Amino acid sequence: MRQHPSTAGADVTPRFLTHLRLRHAPAAGALAPLLAADGAGDAPRRGHHLIWSLFADRKNRQRDFLWTTTGPGAFTTLSARPPDDRHNLFRIESSGPFVPAIAAGDRLSFRLHANPVVSQPRERKPHRMCKHDVVTNALRAHPEAERHRLFDETVRTRGFSWLQAQARAKGFAVEPGEVRIHSYSRHEIKRPGKRTDNPRYATLDFEGVLTVTSRST
């Protein structure tokens with residue numbers, strides 16, 4: 001499941017897995033251009049607000065869902081509560097309890113769209129931490145003239161090191177020959193007005209096979 005920066009750190013107790021799609025009705029169809037490729041840099045924020053409409057049942061509700069896009073106008077959510085489409089924007093194709101039967105030793109295919117980062121002290125305020133994407137952070141250690149040559153290798157090695165760290169903490173293992181790492185992309189979420197402090201982040205796509213090492217993690 002895609003882990004957008006907007007969903008990282010969400011308080012999620014996985015219970016319901018839902019596949020849904022924007023309706024072809026005029027009210028929902030009018031939202032489709034908001035998620036089009038020409039606004040790709042802003043699409044995660046737009047998609048996040050759209051999916052929030054399914055779970056915002058009260059003011060100050062804490063986020064308890066994850067979401068990913070699976071195609072134009074198509075989404076999958078993993079949430080602590082069933083979605084509530086009060087605005088009739090979506091066609092819910094399937095929804096039900098998410099209770100996977102997983103045991104140590106199981107091997108599972110996976111795809112992951114992630115924002116791999118490393119935390120480091122700020123230069124002017126070392127008592128505060130800031131986050132850098134793992135690829136850019138590693139390339140900074142090399143002369144600028146060498147960075148292009150080292151880019152592909154850095155994506156593979158730093159991306160895999162990040163994934164291994166996640167694996168150790170989350171109860172699974174990955175092997176270098178069984179994971180493909182690709183599609184390094186940099187994004188900017190544009191805020192209203194002419195601003196120079198728009199949030200920027202980078203993503204990597206991971207695809208391969210993992211081995212479950214701990215069911216309880």
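Mind checking which residues of region 77-93 are out of contact with any strand residue (DSSP E or B) (no Cβ under 8 Å at 6 or more places or on another chain) and acidic (Asp, Glu)?
Of all residues in region 77-93, those out of contact with any strand residue (DSSP E or B) (no Cβ under 8 Å at 6 or more places or on another chain) come to 84, 86-88.
The answer is Asp84, and nothing else.
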**Q.** Sole exception among (1) within 27 Å of Thr157 (Cβ to Cβ); (2) modelled with pLDDT under 90; (3) touching a Ser or Thr at 6+ places or on another chain (Cβ under 9 Å) for Arg86, by number
**A.** (1)
Q) For the subset of region 156-183 comprising residues that are within 14 Å of Asp205 (Cα to Cα) and of a type in the set (Lys, Arg), which member is surrounded by the most Cβ atoms within 10 Å (Cβ to Cβ)? A) Arg158
Q) So how many residues does region 80-98 have that are of a type in the set (S, T, N, Q) and within 24 Å of the chain's Cα centre (by Cα)? A) 2
(Q) Under 8 Å between Cβ atoms, which residue pairs at least 6 apart in sequence (or on different chains) link something in region 174-192 that is in contact (Cβ under 8 Å) with a residue 60 or more places away in the chain and basic (Lys, Arg) with a partner that is surrounded by 12 or more Cβ atoms within 10 Å (Cβ to Cβ) and in a loop (DSSP other than H, G, I, E, B)? (A) Lys190/Asn198
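Which residue, of Arg91, Arg124, is in contact (Cβ under 8 Å) with a residue 60 or more places away in the chain and either more than 19 Å from Asp57 (Cβ to Cβ) or surrounded by 13 or more Cβ atoms within 10 Å (Cβ to Cβ) (or both)?
It is Arg91.
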Q | Qualifying residues in region 189-199 (those that are surrounded by 12 or more Cβ atoms within 10 Å (Cβ to Cβ) and of a type in the set (D, E, K, R)) - the one farthest from Asp152 (Cα to Cα) | A | Arg191
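The values are calculated or read from the model by the stated rules, or taken from the named source; none is laboratory data. Quick caveat, the model's predicted, so the values are computed rather than measured. Neighbour counts are summed over all protein chains in view; Cβ atoms, including those assigned to glycine, are modelled from backbone coordinates with ideal geometry.
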